[in-house]
Number of protein chains: 2
Amino acid sequence: MTPNALNFSGGPGALPATVLDETRDAIVALPETGRSVLGMSHRSAWFLGLLDEAERNIRALLGLPERYAISFLQGGSSLLFATIPMNFATRAFAPPEYVNSGYWSRRASAEAQRTAACRIAWDGAPTGFSELPALQQLAVAPNAAYLHYVSNETVEGLQFGDGEARSAVPLIADMSSDFLSRPLAAERFAMIYAHAQKNLGPAGVTVALIDRALLERIPPNLPHMLDLRTQIEHRSNYNTPPVFAIYVLTLVTRWLRNEIGGLAAMQRINEAKAQRLYGTLDAMREVVKVHAAAPWRSRMNAAFTFGDARLDRAFIACANARGMAGLEGHRSLGGLRASLYNAVTLEAVDVLCETLIEFGRRHA
Amino acid sequence: MTPNALNFSGGPGALPATVLDETRDAIVALPETGRSVLGMSHRSAWFLGLLDEAERNIRALLGLPERYAISFLQGGSSLLFATIPMNFATRAFAPPEYVNSGYWSRRASAEAQRTAACRIAWDGAPTGFSELPALQQLAVAPNAAYLHYVSNETVEGLQFGDGEARSAVPLIADMSSDFLSRPLAAERFAMIYAHAQKNLGPAGVTVALIDRALLERIPPNLPHMLDLRTQIEHRSNYNTPPVFAIYVLTLVTRWLRNEIGGLAAMQRINEAKAQRLYGTLDAMREVVKVHAAAPWRSRMNAAFTFGDARLDRAFIACANARGMAGLEGHRSLGGLRASLYNAVTLEAVDVLCETLIEFGRRHA
């Protein structure tokens, strides 16, 4: 297996081999233009067609209703943590509510609080960020500006079920680490956003889906680049967009439609990968501990530990020697983390599981 | 000559052939890691080393004093048009002053005015944006927060001489289209910024050099991603940076140091290219008109016209048939524009000039 196939990084992470091959060629000559993708103007017919295809692919994969606008943004989720309250936490509503379920959702609410008063609708601290709440049972003020949550916590390896996504107030989800990994009832959301470097492409672009009805709330006179209407009105071409990142993202969405066959097929593959890995870890429960409680285990990121930093490091060395990479836990939690994003194959997970079993046997 | 060599686009534009070749290989396997550059973690030792090298190369090329911080940002110049007044136009100072010398500087001041009161220190509208002022002779309030200008106007093809860069108040320059195209007395500036897609790399990253003394002015409680201290304190790794764009930028700065031999050598090449092109256009003055008045002609972008939209279109068709691209004028000005960024060779300019001469003869 190639080194790229054995990339278990939390992101930027693995990309499909066919996408990498096509991208490699495009660096010198795009088939459509004969020129480098890196030298293509963002006003060229080629790029305008690419933006159209990216949007069309995302709409087709999700069955996204026309009332949602799609835009491609810079600055990552971290910038949206600030711009979302700037745009939507207006005085006409009660404070927005945030679900603090792990590292990234806490980052989101802490940043929002620099811009607007926020309410914490649920806090996972008492259970060590190893469990998740039932969203539809949270006591949220009926006139709250919105309810924000993170659908998959990459650090702790926690994931909401898609069936959980219900709320009486506008629901805004950071889906950076599981967007397009499974089918999604998008019509339940006011806004969904996801940076590319997990399942969509390279770092440098963030996809936002916004119900156009929400745009009417945006106050006047925000800086243009912080007003979420700007890139929607300019079809993601207000200023020079990250052309290359959008190009790779388009290839990935094409791969999802044409090679994988859509999100239900992608979900089946992702479920199989997660079952293989968690099955292995559960069989090793004498020597290894999974961070997340069973009902909320993420299909995208498994955070676990041999219970000893020395053993964890030894496992990483052993895995790296076999060509794997990216298995270090996030610096905030330590331990180990295996990320199983869309482009990680079941065969790669098999290699990881075999290595885990052997290592566990040697160190039992 | 290859299609990439004949790219006269205003940006994203031409990149050096050796950089494109090395980048192509890195899409599948970086020589240093054996893995795709697109799957490398932003926390990996490889990427931290790359950030160090990018900064080291820029410091070496400019002879940049240590008191300047360098950071790599997202959002382009358009986001900085808003964040600069947020950070530096504080109540302790008189309003910032802006030089309105063309399309991009007017965009900068219009955006700044959404955030802070600004004064227009000079306006090129009466002379049709074909001339530039002497910066050091402008009547600027002595306690103005800063003086902002755009060193090269890509649309109109106007460029300040580096010798002009003097001001009694902190000087902030958008150098997006001529940064690293010539030596620069960086110590005269409080802040310099430049997005990559002209002379530095692909779209998606913006370099900012900031005198650390200026950072003390930044008000507390700005959103982290809009506070210019954030990426400086986190060595451009506060959130996931655009890894790929920074990778290509690093290769370009390496090329400038090792293959070109530094900024004085780059300037000689750029001067030769500009002389060749403007010499050709001047010799054709019966049929072609350069937009910029002679003393302020840009070495980076020549804006010109055959005086007739039909003829301009016919020239573009003729040039495209010979493998050239990107010669359309900016949509706000029309006509023609040839961009001579660092990676455009003298040989490519020769091809353009021969085509101009032939076309001019046929249509005289």
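Only the coordinates and a few stated rules stand behind these numbers; no lab work does. None of these values were measured; they are calculated from a predicted model. Cβ coordinates were reconstructed from backbone atoms using ideal geometry, including for glycine residues, and neighbour counts include every protein chain displayed.
At a glance:
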{"quantity": "Local net charge near B:L80, Cβ-Cβ under 10 Å (Lys/Arg +1, Asp/Glu -1)", "calculated": "-2"}
{"quantity": "Cα-based Lys proximity count in the protein assembly as shown, under 30 Å, for pairs eight or more positions apart or on separate chains", "calculated": "7"}
{"quantity": "Rel. contact order, % - alpha carbon contacts under 8 angstrom, at least six apart, chain B", "calculated": "23"}
{"quantity": "Net charge, B:E187 excluded, C-beta distance under 14 Å - Lys, Arg +1, Asp, Glu -1", "calculated": "+2"}
{"quantity": "Sites A:A117 and A:K289 - FRET efficiency at Förster radius 45 Å, r taken between beta-carbons, to 0.05", "calculated": "0.70"}
{"quantity": "Integer Hz, Karplus 6.51/-1.76/1.60 couplings in order for segment A:203-216, x for Gly and Pro", "calculated": "4, x, 9, 10, 8, 10, 10, 10, 5, 4, 4, 6, 5, 5"}
{"quantity": "Calculated log₁₀ intensity ratio I(q)/I(0) where the Debye formula runs over C-alpha points of segment B:88-175, q = 0.12, 0.20, 0.26 Å⁻¹", "calculated": "-0.31, -0.88, -1.43"}
{"quantity": "Other-copy label distances relative to B:G161, 7 angstrom Cα-Cβ extension, nm", "calculated": "7.4"}
{"quantity": "Label point distance in nm, A:I357-A:E216, each placed 7 Å from Cα along Cα→Cβ", "calculated": "5.9"}
{"quantity": "Rounded to the nearest 20 debye, dipole of segment A:128-204 from Cβ charges on Lys, Arg, Asp, Glu", "calculated": "180"}
{"quantity": "In Hz, Karplus ³J(HN,Hα) per residue of segment A:92-100 (6.51, -1.76, 1.60; θ = phi - 60°; x = Gly, Pro)", "calculated": "5, 10, 6, x, x, 10, 10, 8, 9"}
{"quantity": "Bins of 20 Å, starting at 0 and running to the largest distance - Cα pair percent for the protein assembly as shown", "calculated": "17, 49, 29, 5, 0"}
{"quantity": "Ordering of B:269-275, B:259-265, A:250-256 by burial proxy (mean other Cβ atoms within 10 Å per residue, highest first)", "calculated": "A:250-256, B:269-275, B:259-265"}
{"quantity": "B:L171 long-range amide H proximity, modeled H, under 5 Å", "calculated": "B:L147, B:A190, B:M191"}
{"quantity": "Nitroxide proxy distance, nm - points 7 Å out along Cα→Cβ at B:A110 and A:R43", "calculated": "1.4"}
{"quantity": "Label-point separation in nm, B:T2 to A:R56, each point 7 Å along Cα→Cβ", "calculated": "3.0"}
{"quantity": "Contour excess over end-to-end distance, with Cα ends at B:D21 and B:R276 and 0.36 nm allotted per residue", "calculated": "89.0 nm"}
{"quantity": "Other-chain or far-sequence residues with amide H under 5 Å of A:G75's (modelled H)", "calculated": "B:G75"}
{"quantity": "Largest-first principal axis extents of the Cα set of chain A (Å)", "calculated": "63, 56, 31"}
{"quantity": "Amide H partners (placed H, <5 Å) of A:G335, local residues excluded", "calculated": "A:G329"}
{"quantity": "Cβ-based net charge around A:N143, under 15 Å, with every Lys or Arg adding one and every Asp or Glu removing one", "calculated": "+2"}
{"quantity": "Shielding score for A:68-74, defined as the mean number of other chain Cβ atoms within 10 Å", "calculated": "2"}
{"quantity": "Loop GluC sites (Glu not before Pro), segment A:159-248 (other Cβ atoms within 10 Å of the site Cβ: 15 or fewer; DSSP)", "calculated": "A:E216"}
{"quantity": "Two-decimal log10 I(q)/I(0) for segment A:131-208, as the Debye equation yields it once each C-alpha is a single scatterer, q = 0.12, 0.15, 0.16, 0.20 Å⁻¹", "calculated": "-0.33, -0.52, -0.59, -0.89"}
{"quantity": "Footprinting exposure proxy for B:F359, B:F88 (fewest neighbouring C-beta atoms within 10 Å first)", "calculated": "B:F359, B:F88"}
{"quantity": "At q = 0.11, 0.25 Å⁻¹, base-10 log of I(q)/I(0) for segment B:34-136 (Debye sum, equal scatterers on each alpha carbon)", "calculated": "-0.56, -1.23"}
{"quantity": "Per-residue average of Cβ from other chains inside 10 Å of B:26-38", "calculated": "6"}
{"quantity": "Gyration tensor (alpha-carbon) shape descriptor, segment B:280-351, a/c threshold 1.5", "calculated": "rounded"}
{"quantity": "Antiparallel bridge percentage (DSSP; both residues within the protein assembly as shown; nearest 5)", "calculated": "60"}
